[in-house]
Structure formats: structure tokens, C-alpha cells
Amino acid sequence: MNEKLTLEYINNEYNLNAYLVKDEFSSYDAECKDYIIEIKNRRKYYKDKLIEANKLFANYNKAQIKNKDFLYLVTDEKGVYVFNISKNIEEIINKKLVPISCEATTKFKNDKIITKYSYILEEKLCKKI
């Protein structure tokens, strides 16, 4: 699934009327009246999902400024997972940060490996659809 298809699916499921943001450098992918939305499409299923700490805090702060909630959507081969970060922020940030070694960017091919700190999102925090 890609971002556009994921958004169409979520709009149909929740009647959100969300749209993709035009700024290709935005820290989130979509928004609507009540939410800013970050979408991660994964090819492989992992029981626990990851969210980069810098993305979590940036989008959580932007959502507060806009008086919206921050939703994090993850798709994989088993389903679509909707995490309301704003409603679960305390539980999430009280967890240990996990260092992940990965490519500096996925959009532009890069051999540089950096450490990205992430939080683990357990499936119990999401609504699976």
C-alpha cells in the first residue's frame, strides 16, 4: 500500500476527509479537521511498531499547536494499525528509547548509517482495522 491508498482507506473507514499535505518536507503526511497523520507503509509484519522519537515529538507538538490529535498509521501485510499518539503520549514516552542503526534517509539512496532513537509502539495501543 502507498500513502495515497492508505489515506483513501482510512477516509472511507473513519469518514475523516483527510488529505495529503503538499509540502514534501513536512514531518507528517496528511491532515484533516481533527488530526495530523503520519503514515508508514511496511512490507513485513512486526508485532511491535516503531516511531522515531524526533518525529513523535515534532508531530505531537505540531498537533498541539493546531489543536489536533496526532495519528500514526502503520500498514503491513497483516493490516492497518491506527495509533492515537496524543491520547497515549504519557505511556509511550515513559518507555525506554531504543537505538536503531539505519540508513540516514530512505527517500534518497544513501550509504551513510546513523543511529535513530525510537519508541516501541505495542499493538495494544492501536486500533487495528
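Hey, among 3, 24, 8, 38, which residue is of a type in the set (D, E, K, R), under 19 Å from residue 76 (Cβ atoms) and more than 15 Å from the chain's Cα centre (by Cα)?
Working: 3 fails: more than 15 Å from the chain's Cα centre (by Cα); 24 fails: under 19 Å from residue 76 (Cβ atoms); 38 fails: more than 15 Å from the chain's Cα centre (by Cα).
After ruling out the rest, the residue left standing is 8.
Of all residues in region 22-77, which are part of a strand (DSSP E or B) and among the polar types (S, T, N, Q)? Explain how you work it out, then say what you get.
The first filter runs over region 22-77 and keeps only residues part of a strand (DSSP E or B), leaving 30-31, 35-41, 49-52, 69-76.
Across region 22-77, the qualifying residues are 41, 75.
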query: How many residues, within region 42-80, are without any contact (Cβ under 8 Å) to a residue 24 or more places away in the chain and more than 13 Å from the chain's Cα centre (by Cα)?
result: 4
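Using the structure shown, decide if residue 30 is under 11 Å from the mean Cα position of the chain (by Cα), more than 17 Å from residue 123 (Cα to Cα) and modelled with pLDDT of 95 or more. Spell out the reasoning first.
Numbers: under 11 Å from the mean Cα position of the chain (by Cα): yes; more than 17 Å from residue 123 (Cα to Cα): yes; modelled with pLDDT of 95 or more: yes.
Considered against the rule, which asks whether it is under 11 Å from the mean Cα position of the chain (by Cα), more than 17 Å from residue 123 (Cα to Cα) and modelled with pLDDT of 95 or more, residue 30 comes out as yes.
Inside region 46-88, can you point out the residues that are among the aromatic types (Phe, Trp, Tyr) and open to solvent by 50 Å² or more (accessible area, probe 1.4 Å)? Walk me through how you get there before you give the answer.
Pass one, region 46-88, residues among the aromatic types (Phe, Trp, Tyr): 46, 57, 60, 70, 72, 81, 83.
Matches in region 46-88: 46, 57.
Examine region 90-97 for a residue that is among the aliphatic types (A, V, I, L, M), modelled with pLDDT of 95 or more and part of a helix (DSSP H, G or I), and state whether such a residue exists. Lay out the reasoning, then the answer.
Narrowing region 90-97 to residues among the aliphatic types (A, V, I, L, M): 92-93, 97.
Adding the requirement that they be modelled with pLDDT of 95 or more leaves 92-93, 97.
Subsequent filtering for residues that are part of a helix (DSSP H, G or I) retains 92-93.
Scanning region 90-97 turns up at least one residue that is among the aliphatic types (A, V, I, L, M), modelled with pLDDT of 95 or more and part of a helix (DSSP H, G or I).
Go through region 98-108 and give me each residue that's modelled with pLDDT of 90 or more and either surrounded by 13 or more Cβ atoms within 10 Å (Cβ to Cβ) or of a type in the set (Val, Ile, Thr) (or both). So that I can check it myself, show each step before the final result.
First, the residues of region 98-108 that are modelled with pLDDT of 90 or more: 98-101.
Matches in region 98-108: 98, 100.
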field: Of the criteria (1) on the phi > 0 side of the Ramachandran plot; (2) open to solvent by 80 Å² or more (accessible area, probe 1.4 Å), which one residue 111 fails
entry: (1)
- line: By residue number, the members of region 4-27 that are farther than 19 Å from residue 127 by Cα and of a type in the set (Val, Ile, Thr) are 21
- request: Output the qualifying pairs, or none if there are none: Cβ atoms under 6 angstrom, residues six or more apart or on different chains, first residue in region 8-37 and among the acidic types (Asp, Glu), second residue open to solvent by less than 70 Å² (accessible area, probe 1.4 Å) and part of a loop (DSSP other than H, G, I, E, B).
  value: 13/129; 34/68
Those residues of region 30-45 which are surrounded by 14 or more Cβ atoms within 10 Å (Cβ to Cβ) and either basic (Lys, Arg) or under 15 Å from residue 84 (Cα atoms) (or both), in sequence order: 30, 31, 32, 34, 35, 36, 37, 38, 39, 40, 42
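The values are calculated or read from the model by the stated rules, or taken from the named source; none is laboratory data. What you are looking at is a predicted structure, and each value in this text was computed from that prediction instead of being measured. Glycine gets a Cβ as well: all are built from the backbone with ideal geometry, and neighbour counts include every protein chain shown. We work out accessible area using only protein heavy atoms, side chains counted, and drop any ligands, DNA or RNA first. Shrake-Rupley method; radii C 1.70, N 1.55, O 1.52, S 1.80 Å.
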